[in-house]
Amino acid sequence: MDFDLQALAVFHNEPESRFEIALEGGLALATYRLRDGRMIFNHTEVPIGFEGRGIAGKITRAALDYARAQNLRVVPACPYTAAFLKKHAEYQDLVLPEDKQRFLNI
């Protein structure tokens, strides 16, 4: 399945508390919940056949950019989000020190 990653639009589905990319035959998403000024990421999913092609990263960047714009702290309870944050230091300031220790081991 060919696609242009740059052309894929990330949609913030606030009623469902998730960021989404509509794909042919499926939906990629990152779910979260808000609590006490924190955006708690709990799940990231990309349909089989689209995995490993940068889609989860694109959704995660959009979600983290949203958190920054809203002055929210990030809790990376989702393993994918935690791994992404470990690799992308430019977003680590969104995570409180105690959550860095707990979820990122840094």
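The values are calculated or read from the model by the stated rules, or taken from the named source; none is laboratory data. Everything numeric in this text was worked out from a predicted model, so none of it was measured. We place every Cβ from the backbone using ideal geometry, glycine too, and count neighbours over all the protein chains shown. The area values use the complete protein model at the heavy-atom level, side chains included, leaving out ligands, DNA and RNA. Shrake-Rupley method; radii C 1.70, N 1.55, O 1.52, S 1.80 Å.
Shown here for region 17-106: GluC sites (Glu not before Pro) in loop regions (DSSP other than H, G, I, E, B) with at most 14 other Cβ atoms within 10 Å, namely E24, E51. Return the label of the correct value of mean projected area of the Cα convex hull in nm², as calculated from the structure shown, out of (i) 6.6; (ii) 6.2; (iii) 8.2. Step by step, mean projected area of the Cα convex hull in nm² for this structure corresponds to label (i).
Across region 1-43, C-alpha contacts under 8 Å between residues 6 or more apart give a mean separation that, scaled by the residue count, equals a relative contact order of 23 percent.
Accessible area per residue for the chain in Å², computed with a 1.4 Å probe and the full protein assembly in place, what is it?
Working: 6060 Å² over 106 residues.
Roughly 57 Å² per residue, with all protein chains present.
Pop out the carbon and sulfur fraction of the accessible area of the chain as a percent, whole number, probe 1.4 Å.
The C+S portion of the solvent-accessible surface of the chain is 49 percent.
Each residue of region 39-45 was assigned a 3J(HN,Hα) from its phi angle through the Karplus expression (A = 6.51, B = -1.76, C = 1.60, θ = phi - 60°), giving 10, 9, 7, 10, 6, 10, 8 Hz with x at Gly and Pro. Evaluate E = 1/(1 + (r/R0)^6) for L96 and L5, where r is the Cβ-Cβ distance and R0 equals 30 Å; express this FRET efficiency to the nearest 0.05. With a Förster radius of 30 Å, E is 0.45. Of A62, A30, A83, which has the largest mean-square fluctuation in a 10 Å C-alpha GNM of the chain? In the Gaussian network model the winner is A83.
Modelled spin labels at N105 and R53, positioned 7 Å past Cα toward Cβ, are 3.1 nm from each other.
Candidate cross-link partners of K58 among the lysines, defined by an alpha-carbon separation under 20 Å and a same-chain spacing of 8 or more, comprise K86, K87. Basic side chains Lys and Arg get +1 at the Cβ, acidic Asp and Glu get -1 at the Cβ, and with that the dipole of the chain about its Cα centre reaches some 440 debye. By definition, a body whose alpha carbon gyration tensor gives a ≥ b ≥ c is oblate when a/c is 1.5 or more and a/b is not larger than b/c, and region 57-104 fits this oblate description.
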